[in-house]
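The values are calculated or read from the model by the stated rules, or taken from the named source; none is laboratory data. Given the structure is predicted, the values throughout are model-derived calculations rather than measurements. Neighbour counts are summed over all protein chains in view; Cβ atoms, including those assigned to glycine, are modelled from backbone coordinates with ideal geometry.
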Amino acid sequence: MQPLIDCDIHQPNPTQEEWCEYLPEPYRSEVARFGPRIISSGIRFEDGGNRWDLGGERNGRTLRDPEFYSEQLLDTYGHRYAILSGNNGHIAGMPDPDYTAALCTALNNYYLDRWLPRDERFLLTLKIPLQDPAQAVREIERLAGTPRVVAVSVFATANRIAFGERYYWPIYEACQRHNLPLHLHPSTTATIANAAMTPAGQAATYLESHVCMPQFYMAQVASMVLNGVFAKFEQLKVILVEGGICWLPHLLWRMDAEFKGLRHQAPFLKRMPSDYVRDHVRLTTQPIEEPSKAEHLLQMFDMIGADDIVMYASDFPHWDFDEPTKLPRALGETTLRRILHDNAAQFFNLPAVPVTEAAIS
Amino acid sequence: MSWQKVCMASEVREGTPTMVSLGRREIGILRYGDSFHAVLNFCPHAGAPIARGRVEAIVLGNEPGALPDCDHDRPVLKCPWHHWEFDLTSGASVCPIKPRIKMFPLKVENGDIWIDA
């Protein structure tokens, strides 16, 4: 079986009872008395939830059980590793930095205690409070080096401050120091709390919001490259999850074209903008675009050098889950192996496939 | 290639190229401070009359987050159409790309400008 690394799966939020065990005071008492602070996008979200076929029990387990993920996903497709992204996008929209920091600490401790020990194939992304970079750095420092913690999770849709700004640089310095990539994920909820849902304004539906997700990645990547984040932090790595891939050629070509005439506005860039993307940024496949002519997708893979920068993600158990077999076979065995496994193994510094396993596969 | 007297240095003003024709070639004589430069009036990007662009000191930035600087001893020519910039000390693009402008050796003798073209 093809070895597989899945860069994005979504374990559930803890229940309020579970979560409160991990929440420090005074927030534990607050939540016990008043419930958690809530923000919502106000758009119909039910259609953006989980696959409908995963409801109820299977072998006595439900989506609340880590073993459900092990059996229904990891065993089924032969995962070597799967990265737990959580379902906590609302933390990026919380206005109170102290509450958010407490929330992140509680979530991190909960998943470290209750999920990682349940399957050695689980890997974890750390939640941090972007509202306060100093506290975010402390959380990174607290947990960096923890086995199977492989990335720092941030929500990259409509943030109040774009990711290239110097406000975030202490976070990037900490990520670089501990060799922890940034794992960028969209959040509809954080979007409504922070700013407009799309560059054009508010989205009325989940459909509209979801279609426009890559626009945020285009803006965040442009912000990081053109403000010199990758020139400053030469070892920093970023993975963009749930944005698909077909938007990238346009961004690379436009950045390079405009840089040729406006270089003096980013004079610290010593290479072309696209070179920084290729060295520092990785994209995940899901939701892979579905052009009416299949060969067009192959052309897109070729345009972005997918051999090196694309990695597989399933988004399990969400409604727009992609099986690994959704990737075109015509990509060829070598490219498929790199996308399904090797690129992620290298990116996250994961152990190589044992020789015997590699030989068998 | 041969050295040819094309104009007097005192005729060449900063900000305005002095255009000379040598055969089919149109060449712009540019001034930046006390330095003179001779460039073929053709941008390798889109064929624009590049000598009509702007000559400025190159803007340099050593590190993101630090104030940028400029080097007046290293003027650049910016094309009037898409603002691609070329180093007038070499003709090379300032961005790390291959296209470069055609430049001609230039000397000033007794107040006259000579170019080897």
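Could you tell me which of the residues A:103, A:123, A:143 is closer than 20 Å to residue A:316 by Cα and away from chain B (no Cβ under 14 Å)? Give the derivation first.
Numbers: A:103 fails: closer than 20 Å to residue A:316 by Cα; A:143 fails: closer than 20 Å to residue A:316 by Cα.
Result: A:123 is the single residue among A:103, A:123, A:143 that is closer than 20 Å to residue A:316 by Cα and away from chain B (no Cβ under 14 Å).
Just wondering, is there one or more residues in segment A:127-137 that are more than 20 Å from residue A:316 (Cβ to Cβ) and either among the acidic types (Asp, Glu) or surrounded by fewer than 16 Cβ atoms within 10 Å (Cβ to Cβ) (or both)?
Yes, segment A:127-137 contains at least one residue that is more than 20 Å from residue A:316 (Cβ to Cβ) and either among the acidic types (Asp, Glu) or surrounded by fewer than 16 Cβ atoms within 10 Å (Cβ to Cβ) (or both).
If you scan segment A:235-279, which residues turn out to be within 11 Å of chain B (Cβ to nearest Cβ) and of a type in the set (Asp, Glu)?
A:256, A:258, A:275
Surrounded by fewer than 17 Cβ atoms within 10 Å (Cβ to Cβ), within 13 Å of chain A (Cβ to nearest Cβ) and either part of a strand (DSSP E or B) or touching a residue at least 40 places away in the same chain (Cβ under 8 Å) (or both): does that describe residue B:56?
On the way: surrounded by fewer than 17 Cβ atoms within 10 Å (Cβ to Cβ): yes; within 13 Å of chain A (Cβ to nearest Cβ): yes; either part of a strand (DSSP E or B) or touching a residue at least 40 places away in the same chain (Cβ under 8 Å) (or both): yes.
Here the answer is yes, as residue B:56 does meet what is asked.
Being within 15 Å of the chain's Cα centre (by Cα), more than 29 Å from residue A:271 (Cβ to Cβ) and surrounded by 16 or more Cβ atoms within 10 Å (Cβ to Cβ) is true for just one of B:106, B:40. Which residue is that? Explain how you work it out, then say what you get.
Values: B:40 fails: more than 29 Å from residue A:271 (Cβ to Cβ).
After applying the criteria, what remains is B:106.
Within segment A:280-297, restricting attention to residues that are away from chain B (no Cβ under 14 Å) and in a helix (DSSP H, G or I), which residue is surrounded by the most Cβ atoms within 10 Å (Cβ to Cβ)?
Looking only at segment A:280-297, we keep the residues that are away from chain B (no Cβ under 14 Å), and these are A:281-297.
Restricting the remaining residues to those that are in a helix (DSSP H, G or I) gives A:294-297.
Values: A:294: 10, A:295: 10, A:296: 12, A:297: 19.
Ranking the qualifying residues of segment A:280-297, first place goes to A:297.
For segment A:7-40, which positions are in contact with an Asp or Glu (Cβ under 8 Å, 6 or more places away or on another chain) and of a type in the set (Val, Ile, Thr)?
The one that is in contact with an Asp or Glu (Cβ under 8 Å, 6 or more places away or on another chain) and of a type in the set (Val, Ile, Thr): A:9.
Show the residue pairs meeting these rules: Cβ distance below 9 Å; 6+ apart or different chains; first residue within segment A:283-296 and over 18 Å from residue A:211 (Cβ atoms); second residue assigned to a helix (DSSP H, G or I).
A:294/A:330; A:295/A:330
State all residues of segment B:60-117 that are away from chain A (no Cβ under 13 Å), in a strand (DSSP E or B) and in contact with a helix residue (DSSP H, G or I) (Cβ under 9 Å, 6 or more places away or on another chain); if no residue qualifies, say none.
B:108, B:112, B:113
The rows are residues; the columns are (1) in contact with a helix residue (DSSP H, G or I) (Cβ under 9 Å, 6 or more places away or on another chain); (2) surrounded by fewer than 22 Cβ atoms within 10 Å (Cβ to Cβ); (3) within 27 Å of residue A:238 (Cα to Cα).
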{"residue": "A:58", "(1), (2), (3)": "yes, yes, no"}
{"residue": "A:71", "(1), (2), (3)": "no, yes, no"}
{"residue": "A:78", "(1), (2), (3)": "yes, yes, yes"}
{"residue": "A:95", "(1), (2), (3)": "yes, yes, yes"}
{"residue": "A:104", "(1), (2), (3)": "yes, no, yes"}
{"residue": "A:123", "(1), (2), (3)": "yes, no, yes"}
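Can you name the helices (runs of 4 or more DSSP H) wholly within segment A:1-83 that have at least 3 residues being more than 12 Å from residue A:316 (Cα to Cα)? Show your work before the answer.
Details: elements: A:16-22, A:27-34, A:66-69.
Once the helices (runs of 4 or more DSSP H) in segment A:1-83 are filtered for at least 3 residues that are more than 12 Å from residue A:316 (Cα to Cα), what remains is A:16-22, A:27-34.
If you take the residues of segment A:205-234 that are away from chain B (no Cβ under 14 Å) and β-branched (Val, Ile, Thr), which of them is nearest to residue A:281 (Cα to Cα)? If you could, list the steps in order and put the result at the bottom.
Just the residues of segment A:205-234 that are away from chain B (no Cβ under 14 Å), to begin with: A:205-222.
Of the ones still in play, those that are also β-branched (Val, Ile, Thr) are A:205, A:211, A:221.
Values: A:205: 30, A:211: 21, A:221: 8 Å.
For segment A:205-234, the residue satisfying everything is A:221.
Would you confirm whether or not segment A:191-204 contains a residue that is closer than 30 Å to residue B:81 by Cα, surrounded by fewer than 17 Cβ atoms within 10 Å (Cβ to Cβ) and within 14 Å of chain B (Cβ to nearest Cβ)?
Of the residues in segment A:191-204, the ones closer than 30 Å to residue B:81 by Cα are A:199-200.
Checking which are surrounded by fewer than 17 Cβ atoms within 10 Å (Cβ to Cβ) leaves us with A:199-200.
Narrowing the set further to residues that are within 14 Å of chain B (Cβ to nearest Cβ) leaves none.
No, there is no match, as no residue in segment A:191-204 is closer than 30 Å to residue B:81 by Cα, surrounded by fewer than 17 Cβ atoms within 10 Å (Cβ to Cβ) and within 14 Å of chain B (Cβ to nearest Cβ).
Can you pull out every residue in segment A:149-175 that is surrounded by fewer than 17 Cβ atoms within 10 Å (Cβ to Cβ) and either of a type in the set (D, E, K, R) or at pLDDT 95 or above (or both)?
If the condition is that a residue be surrounded by fewer than 17 Cβ atoms within 10 Å (Cβ to Cβ) and either of a type in the set (D, E, K, R) or at pLDDT 95 or above (or both), then A:160, A:165, A:166, A:167, A:170, A:173 are the ones that fit.
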